[in-house]
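Student: Dropping a structure here in structure tokens format, bear with me for questions.
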Amino acid sequence: MRVGMSDPNERPFSTPWTILSVVLFLAIELFIGTWVGPSVIGKYVSPMFHYQLQMIMHLLSLYLGGVIVGVVSPGRRLLEPAVGAFVSVLVVFLMSFFMPNWFFHFDLTKVIVGGGIGFGLGLLGAWQGEKWMGNLAPADLAETRRGKLRAAMWEEDEFGIPRPDREQVK
């Protein structure tokens, strides 16, 4: 089994994909907000419901953004959306420096816990997107239907090793 840079889907860490992930998380949250917002604005709901809705929109955007990066990125990009999700949560907490309300005070514990949740959701979404695209590690790829089909098409076995029963064209 080949692991590491010998894996054709393995890529070094990419800062541009991390920045793109942060922007994508914001865009998805704005898209969800424009879809959900009109059904809530002007209705009699508690302020806590608004906070809950904002939290759900933010968490959903982190997961969906990770999925999108996993689908559209070349090769395997798992860490970039996860780091981007942590940065996105950090930016939310940095807003506390500009808010006069005591509820939004900056706390390192909140950043670590919230950033950890964001990191996990971004990583889970990216893994799901990469799984859909068949860009997993060779051992994981061998278990998927797409991986088996791809191995048959590329004349390799499930682990990416050339098959001796097929003629290699050079």
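FYI, it's all coordinate maths here, none of it is from the lab. Since the model is a prediction, treat every value here as computed from it, not as a measurement. Note that we place each Cβ from the backbone using ideal geometry, even for glycine, and neighbour counts take in every protein chain shown.
Student: Count the net charge of all other residues whose Cβ sits under 10 Å from the Cβ of residue 77, scoring Lys and Arg as +1 and Asp and Glu as -1.
Tutor: The answer is 0.
Student: Evaluate the charge dipole of region 14-135 about its Cα centre and quote only its size in Debye, nearest 20, assuming +1 on the Cβ of each Lys and Arg and -1 on the Cβ of each Asp and Glu.
Tutor: Once rounded to the nearest 20, the dipole reads 120 debye.
Student: Shape call for region 14-135 from the C-alpha gyration tensor, a ≥ b ≥ c root eigenvalues: rounded (a/c under 1.5), prolate (a/b greater than b/c) or oblate?
Tutor: oblate
Student: Per residue, how big is the convex hull of region 13-86 when only Cα atoms are used? Give it in Å³. Please report the intermediate quantities before stating the final value.
Tutor: Working: hull volume 5.5 nm³, N = 74.
Taking only Cα atoms, region 13-86 has a hull volume of 75 Å³ per residue.
Student: Going highest first, how would you order 40-49, 73-82 by mean Cβ packing within 10 Å?
Tutor: Ranked by mean Cβ neighbours within 10 Å, highest first: 73-82, 40-49.
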